[in-house]
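Undergrad: Can you read through this structure? Questions will come right after.
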Amino acid sequence: MYCVRKVTEDLYWVGGTDRRLELFENIFPIPGGVSYNSYLLLDEKTVLFDTVDDSIGRQFLENIEAVLDGRALDYLVINHMEPDHCSLIDDLLLRYPGLQIIGNAKTFPMIDQFYNIDLEGKKNVIKEGDTFSCGKHTLHFVMAPMVHWPEAMMTYDAADKILFSADAFGTFGAMSGTIFNDEVNFDRDWLDDARRYYTNIVGKYGAQVQNVLKKASALDIRYICPLHGPIWRNHLEYIIDKYDTWSKYEPEVRGVMIACASMYGNTENAANVLAAKLADAGITHMIVHDISRTHVSQLIADSFKYSHLVLAAPTYNGGIYPIMANFLDDMKALNIQNRTVAVLGNGSWAPMSSKLMEAKVSEMKNMTLLTENFAVKSSLKNEQMHALDELAKTLVGSLKGEN
Ligand code: FEO
């Protein structure tokens, strides 16, 4: 049975939800599932905005058939060519042979790369600033390269002031019948997943997101229709502000994430003692992660969220404990910058991890290091308490803006 919802008088949400997929992009755990949004406009011409992932293909095709109610599908606008949004192009062409495809110059080569579809006579290549009339609705095309792939673009419907924003403003998470931001408690139930989605999927491309935000600020937008997660139809400034903060690599919270790797609990003990000292000093915006138990995508999300990071890990094979090394590589790959960092190492005979972690942090942009080769030898002892107190004091001073 079809399962759709009306967005505006002429526009329908015809996407669906996958609650079975374990790993998005076969990397990111999504215990709460994910939605794939697609939108169908009924005007003089019928226009579909993006398709969906294979996993919900049957539902999607049924949704389109129901909304079209006997009409043909005239146009498909492809805002993004990642296969979670374009797996059904050939199925649509089989069902609607007159279908025309609208994309930009980078869209069509990607279709050829991923699929074997003959699009002779069906390609409509648009560029920045072009418009397309569907009848009552005129579409404007806004290029959004690297948000999240080079061919990504957004489409703006001037009649209803809708921005089809591709991956931007999306989030992990299945939708529960409620598809609009004002039908859910986004700040309580969705923000953490939205941050984890943005920071890991698009986090590297802050400058490109800033460019698109600038272009979008010139548009009168009443609805944001992303490819994943709730549609925004009020308080748009909330999610736009979040994107502005994240893409400028500014922290949302003045507080600390302590990311700790520990083989036998001794490094974790030192991290816990430090956390307790911070709490004694009134620091409450703080989270401690055992990074062997916390997926790196969560660590990345919290690195974007918090202003201060403490990285604690033992030495392993003369280097950094591998899970911490991987996290540091991911931080660099995702362009994390503008953070204040303290490093807490450990080693039993040749402690190297603090030096090596500090070297990796120094390779990132605009990071302030509060430590220099701070390490415990196997476990924290009384004679190091003074040094740990000093570190806690320095962190508290930095958090309170005193140094
Ligand atoms: Fe949801 Fe970049 O695809």
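Each reported figure results from applying straightforward, stated rules to the coordinates on display, with no laboratory input. Because the structure is predicted, anything quoted here is derived from the model rather than measured. Virtual Cβ from ideal backbone geometry, glycine too; neighbours counted across all protein chains shown.
Undergrad: If I take R0 = 35 Å and measure r between the Cβ atoms of TYR264 and ASP112 in this structure, what FRET efficiency does the formula 1/(1 + (r/R0)^6) give, to the nearest 0.05? Mind showing how you got there, number by number?
TA: Values: r = 54 Å, r/R0 = 1.54.
That pair, TYR264 with ASP112, gives E of 0.05.
Undergrad: Would you work out the charge dipole size for segment 1-153 about its Cα centre, treating the Cβ of every Lys and Arg as +1 and the Cβ of every Asp and Glu as -1, and quote it to the nearest 20 debye?
TA: Computed about the Cα centre, the dipole is about 260 debye.
Undergrad: Now, a different point. Debye sum, Cα scatterers, segment 109-159, no solvent: what log₁₀ I/I(0) at q = 0.14 1/Å?
TA: Results for segment 109-159 at q = 0.14 Å⁻¹ read -0.47.
Undergrad: Let me ask you something else. Could you tell me whether segment 347-396 comes out rounded, prolate or oblate from its Cα gyration tensor? Rule is a ≥ b ≥ c as square roots of the eigenvalues, rounded for a/c under 1.5, then prolate if a/b exceeds b/c, otherwise oblate. The partial results should precede the final answer.
TA: Numbers: a/c = 4.30, a/b = 1.26, b/c = 3.40.
Taking the square roots of the gyration eigenvalues as a ≥ b ≥ c, segment 347-396 is oblate.
Undergrad: Running a GNM on the chain with Cα contacts under 10 Å, which residue among ALA270, ALA166, ALA144 ends up with the highest mean-square fluctuation?
TA: Of the options given, ALA270 has the highest mean-square fluctuation.
Undergrad: Show me the ranking of peptides 331-342, 245-256, 365-376 by mean Cβ neighbours inside 10 Å, starting with the highest.
TA: 331-342, 245-256, 365-376
Undergrad: How much of the pair distance distribution for segment 103-258 lies past 20 Å, counting alpha-carbon pairs only, in percent?
TA: 54 percent
Undergrad: Rounded to the nearest Å, what's the spacing between the alpha carbon centres of segment 276-352 and segment 218-260? Just the number, please.
TA: Here the two parts' Cα centres lie 24 Å apart.
Undergrad: Given only helices, namely DSSP H runs of n ≥ 4 each adding -39500 (n - 2.57), what is the per-residue ellipticity at 222 nm of the chain, to the nearest 500 deg cm²/dmol?
TA: Helices in the chain give a 222 nm mean residue ellipticity of -9500 deg cm²/dmol.
Undergrad: Under a point-charge model restricted to the Cβ atoms of Lys and Arg (+1) and Asp and Glu (-1), what is the dipole moment magnitude of segment 332-403 relative to its Cα centre, in debye to the nearest 20?
TA: Values: 9 positive and 7 negative charges, 52 e Å.
The calculated dipole for segment 332-403 is roughly 240 debye.
Undergrad: Using a/c under 1.5 as the rounded threshold, could you call segment 53-191 rounded, prolate or oblate? The axes a ≥ b ≥ c are square roots of the C-alpha gyration tensor eigenvalues, and prolate needs a/b larger than b/c, oblate otherwise. Spell out each step's value before the answer.
TA: Details: a/c = 1.42, a/b = 1.27, b/c = 1.12.
In terms of gyration-tensor shape, rounded.
Undergrad: Which of the three applies to segment 290-403, rounded, prolate or oblate, going by the alpha-carbon gyration tensor with a ≥ b ≥ c and a/c under 1.5 meaning rounded?
TA: oblate
Undergrad: When the dipole is taken about the Cα centre of segment 99-200, and only Lys, Arg (+1) and Asp, Glu (-1) are charged at their Cβ, what size is it in debye, to the nearest 20?
TA: I would put it at about 220 debye.
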